[in-house]
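The values are calculated or read from the model by the stated rules, or taken from the named source; none is laboratory data. All figures in this text were calculated on a predicted structure; none of them were measured in a lab. Positions of Cβ are generated from backbone atoms using ideal geometry, with glycine treated the same way; all protein chains shown enter the neighbour counts.
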Amino acid sequence: MMTTEPARVPVRTILATIGLILATALAVLFVIRVERVLVWMLVATFFTITLYPVVAWVQRRLSWCRRWLATLLVFLLVFLVLSGLVTMFAVPLAQEGTQLAGQLPGIVADARAGRGPIGELLARTNALQWVQDNQDRIREFGTGLGAPALSLVRGAGSAIVATVTVFVLSYLGVLEGPRLVDNTLALLEPSRAERIRRVARDCATTVTGYISGNLLISVICGGLTYAVLKICGVPFSGLIALFVAVVDLIPLVGATLGAVVAAIAGFVHSTPVGIVVVVFFVVYQQVENHLLQPWIFSRTVKLNPLAVLVSILLAAELAGILGALLAIPVAGIIQVVVRDVWDHRHGRLKQQPTVGPDQTPIGSATGTEPEPGPRQSSATT
């Protein structure tokens, strides 16, 4: 009876496998070490995609304007608009902050004496007695706040560096993006390059729709919060509403974070007001998460409302807050690419890619006329 020897694995295959494992490990280590820079580049890419159509529009309207000048004008306009918004909010916030600083000694004195909303709240919860019994511990805790304050200052410095870096990367991306794209697509055959260009334009529309939809939801949340707090007579309602609007940019959990701050302010003012604020945020969060957010994103990103909700839940579980922020545009981009591949495989290529379940052409979605060009053959790969 003859026995067969086991087949030997070639040395070249073993070495290639080891090399692939080492290369993967080095790539993972590289990504971990430069994670912060990669996040900056990702944010800059979003701003680049958003501002790119604006620069192109300026160039079409001003035929004499070169691209570097159009890019400079757009970024100067963005800077002026952001500065105006900051100034518009900073003036009332500074006034309310000054008012709070002036009232703070009286508030502290009333709290120690058990008077006023805070004093009554502390007295009802026996917190005032606890504070009086643990003054030494509280003093030690206050002395140890130096290190967190230093970390806060460092974090503010890092935020400034990140903002400047993102701004510069976005500027260079808008300025040099077309040249980089053209040089890259020039390496491909014309039909494939045109297909990639059209799909990329559709993906850019998805990102722009996500940003505009998210800003709209935040404005609605901040405006309603300001109205409720103002009607209830809660002080510093503008400051609280601005905080709620900013954190509401985070899908699903943003409204909850803002609700905590607003509810605390409401209960400090009075118990009935606190209950009203809590009820408002419970109702609003349900409306935003299950009605407003899916409805707006289904029209701006052209995603099914169920797909919006599922993508946010999955991405938040995988990558936390950053995943929740990127879930919707990534899901929209995946939808665009999958639909284009499906149409290509089944020989149903269109003059240009479409978005949304109603198959809206990209030209109609962006408000521009579709670019003329020959229809691609179904044999293109």
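Please find, among V207, V273, the residue that is more than 20 Å from the chain's Cα centre (by Cα) and buried (at least 21 other Cβ atoms within 10 Å of the Cβ). Don't jump to the end; show me each part of the working.
Numbers: V207 fails: more than 20 Å from the chain's Cα centre (by Cα).
Testing whether each residue is more than 20 Å from the chain's Cα centre (by Cα) and buried (at least 21 other Cβ atoms within 10 Å of the Cβ) leaves just V273.
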Filtering the range 39-66 down to residues that are surrounded by 12 or more Cβ atoms within 10 Å (Cβ to Cβ) and without any contact (Cβ under 8 Å) to a residue 40 or more places away in the chain yields V54, A56, W57, V58, Q59, L62, C65
Candidate set: the range 278-288, residues that are at pLDDT below 85 and surrounded by 19 or more Cβ atoms within 10 Å (Cβ to Cβ); chosen: the one farthest from A307 (Cα to Cα)
Q285
Inspect all residues belonging to the range 170-183 and state whether any of them is exposed (fewer than 14 other Cβ atoms within 10 Å of the Cβ), polar (S, T, N, Q), out of contact with any His (no Cβ under 9 Å at 6 or more places or on another chain) and farther than 22 Å from V37 by Cβ.
yes
Test: residue in the range 283-293 that is under 16 Å from Y226 (Cα atoms) and not aliphatic (A, V, I, L, M)
yes
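Can you give me the ranges of the helices (runs of 4 or more DSSP H) entirely in the range 176-277 with at least 1 residues that are closer than 26 Å to L72 by Cα and at pLDDT below 85?
Filter on the range 176-277 gives 190-232.
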Note: among T24, T17, T45, T13, just one is closer than 26 Å to V168 by Cβ and not hydrophobic (A, V, I, L, M, F, W, C), namely T45
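So which residues in the range 295-316 are more than 16 Å from I334 (Cβ to Cβ) and surrounded by 20 or more Cβ atoms within 10 Å (Cβ to Cβ), if there are any at all?
Answer for the range 295-316, where residues must be more than 16 Å from I334 (Cβ to Cβ) and surrounded by 20 or more Cβ atoms within 10 Å (Cβ to Cβ): I296, T300.
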